[in-house]
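To keep things clear, I will list the structure first and then write my remarks on it.
The values are calculated or read from the model by the stated rules, or taken from the named source; none is laboratory data. Note that the structure is a prediction, hence the values are computed from the model and not measured. Here Cβ is always computed from backbone atoms with ideal geometry, including for glycine, and neighbour counts include all displayed protein chains.
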Amino acid sequence: MKNRRLPILFIILLVWITGCSASSEEKSEKMSQSNDVAMDNAQSGSGKQANFYSSEMGKAEKTIEPDKIKVQNQMVIYQADLELRVKKFDKTVQTLEDKVIKYGGYITESNVSKEGKEQVSGSIRIRIPQKNFQAFLHDAESQAAEVLQRNITGQDVTEEYVDLESRLKSKRVVEERLTTFMKSAVKTEDLLKISADLAVVQEEIEAIEGKMKFLENQTSLSTVNITLYEKNVVIPTIDKDKLNTWEKTKKQFMKSINMLLVGLSGLVVFIVGNIPVIAILLLLGFLSVFFYRKKKNRPE
């Protein structure tokens, strides 16, 4: 009986071990399947979050439309170029400077050049508030003896300004949403990505604001370039040195006396210095005349 029980117990033990191994494999397979499902859910969740981020950013960019923004007044950049002939250069420049102060403007550049005594020219660049632009031009032209050239140009930048304003508002919305995303982000990589996008948007906002301020400055103040010419008629003056007759007479008289003294001095030097030669010549001359007369008076 004992010999029969041992095989039966051995068979039961094998069956029990096989059942335990099968159950453990089934549990491990279920755990791996659950992990795979969790990973898939996480990946799908992060993808959904990325897609949501991108879609929200695209919506923010399209929030503001340019045609819905209106500017109260047309924004025009005015510039005038004047060439004026004036009678008195310095006085005209002083008058223009007073007019600039009167109309609330300022001078950005001033140059003056002279060509001898006949012509003086100069140029002035002035910034005048647009509301006083025409009044200042009228006053400036009234200071001229002749208007040689008058050129006025205007550049309408209203559409450009409206476009910049719409872009600025869109970027502001993007900035707000990026700030919101940054507060709700958990992962470090998400924080870095949003922070980089936020820095780029803020740089774009600063660039747009700078351009808008430049356009506002150019439209609020007009530029006036004025070139001035003054041509003087030079009248010859009397040269007193050339008309001093008495001084000239005295100088000429002294020159004549000097010449006479020099001549007499030379003659005395010549005679005294050549007395031996002169004496011989006189002696020869006297003998020649004596023999000639003696021969002539001799009877034939």
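The listed residues are ALA50, ALA60, and the only one of them that is modelled with pLDDT under 55 and surrounded by 15 or more Cβ atoms within 10 Å (Cβ to Cβ) turns out to be ALA60. Every listed requirement among (1) under 25 Å from the mean Cα position of the chain (by Cα); (2) part of a strand (DSSP E or B) is met by LYS114 save one, (1). Checking the stated criteria, ARG150 turns out not to satisfy the condition of being modelled with pLDDT of 90 or more, surrounded by 17 or more Cβ atoms within 10 Å (Cβ to Cβ), in the same structural domain as LEU84 (by TED's automatic domain parsing) and within 17 Å of TYR78 (Cα to Cα).
Within region 92-113, the residues that satisfy the criterion of being surrounded by fewer than 14 Cβ atoms within 10 Å (Cβ to Cβ) and either closer than 19 Å to LEU148 by Cα or touching a Ser or Thr at 6+ places or on another chain (Cβ under 7 Å) (or both) are ASN111, VAL112, SER113.
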